[in-house]
Amino acid sequence: MSNTLLGDIEVKDKVEVVSRKGSDPAFFSCWDIHSYYGESYIVQGVNFDIREGEVVALLGRNGAGKTSTLRSIARMDDPAVSHGEIWLDHKPLHNMTAYEAAQNGVALVPEDRRIIAGLTVHENLELAQIAPPVGWSIERIYEHFPRLAERRNQMGTTLSGGEQQMLAVARALARDIKLLLLDEPYEGLAPVIVQEIASIVDSIKKHGITTIIVEQNAVAALRLADRALILDMGQIVFDGTAEEVLENEELRHEYLAI
């Protein structure tokens, strides 16, 4: 396996696939994941582990396979995982449907937020709430999202973009999740609202929720993350600390165009 060096950071230009069958999985693991959109080969052998409570920024240029990786983890119908294993808290997600993965603690907050039309803020949360709630009751959610508490009787689709993003994240928390997947949480938001959403994600981090963030605003994501994974052409080319990426201009320019 060949490597290139950017400053003091070693970047792998080909990910070596290591079989780990029979070994104890980490809290979350992707092992040799391959995913397709129709005939397009998008995710080409992705491997990584995440510790419980860790926040990981999954970065890369447009088309690198970031959203496809999240959708594969969440077991969405498209893309389809044709090969590999995905484990969460010792359970094999790769054998599950999207519904079963959600039941076992996976929550994907998609880029389009998917607020349910015709329902108020409170009704959107009630629909997601498990009964009885284990950790995140609706009242606890309102404590962490006071703006949603103020708008609890407002139709969810009439909220501002930032407020809809808050509702999408809050709705995920209402299910007492183990793994939070955030796809472009800052997309289309003004800088002041980005800071507010970042503060909310930081609060979630302090509660120990394992999180993967896909975000084009790489610097904002890195400031929240413990680790960074960089995807290029469907493969992981860098796995290290967020600080390493922030401090290495050549690495950022090569793979993130920043």
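The values are calculated or read from the model by the stated rules, or taken from the named source; none is laboratory data. Note that the structure is a prediction, hence the values are computed from the model and not measured. In this analysis, Cβ positions are derived from the backbone assuming ideal geometry, glycine residues included, and neighbour counts consider all displayed protein chains.
The C-beta contact set for the stretch 24-44 (first residue over 16 Å from Gly60 (Cβ atoms) and in contact (Cβ under 8 Å) with a residue 24 or more places away in the chain, second residue of a type in the set (Lys, Arg) and surrounded by fewer than 18 Cβ atoms within 10 Å (Cβ to Cβ), distance under 8 angstrom, 6+ apart or interchain) comprises Ala26/Arg51; Phe27/Arg51; Ser29/Arg20; Trp31/Arg20. Filtered by the rule that a residue be over 25 Å from Ala102 (Cβ atoms) and within 15 Å of the chain's Cα centre (by Cα), the stretch 29-58 gives no residues. Of the strands (runs of 3 or more DSSP E) lying entirely inside the stretch 1-62, those carrying at least 1 residues that are within 27 Å of Lys205 (Cα to Cα) and modelled with pLDDT of 90 or more are 28-37, 40-50, 55-59. Among the residues of the stretch 181-240, those identified as among the β-branched types (Val, Ile, Thr) and surrounded by fewer than 16 Cβ atoms within 10 Å (Cβ to Cβ) are Val192, Val219.
Taking the criterion of being among the charged types (D, E, K, R), free of Cβ contacts under 8 Å to residues at least 60 places away in the same chain and closer than 23 Å to Glu187 by Cβ, the residues of the stretch 203-258 that qualify are Arg223, Arg252.
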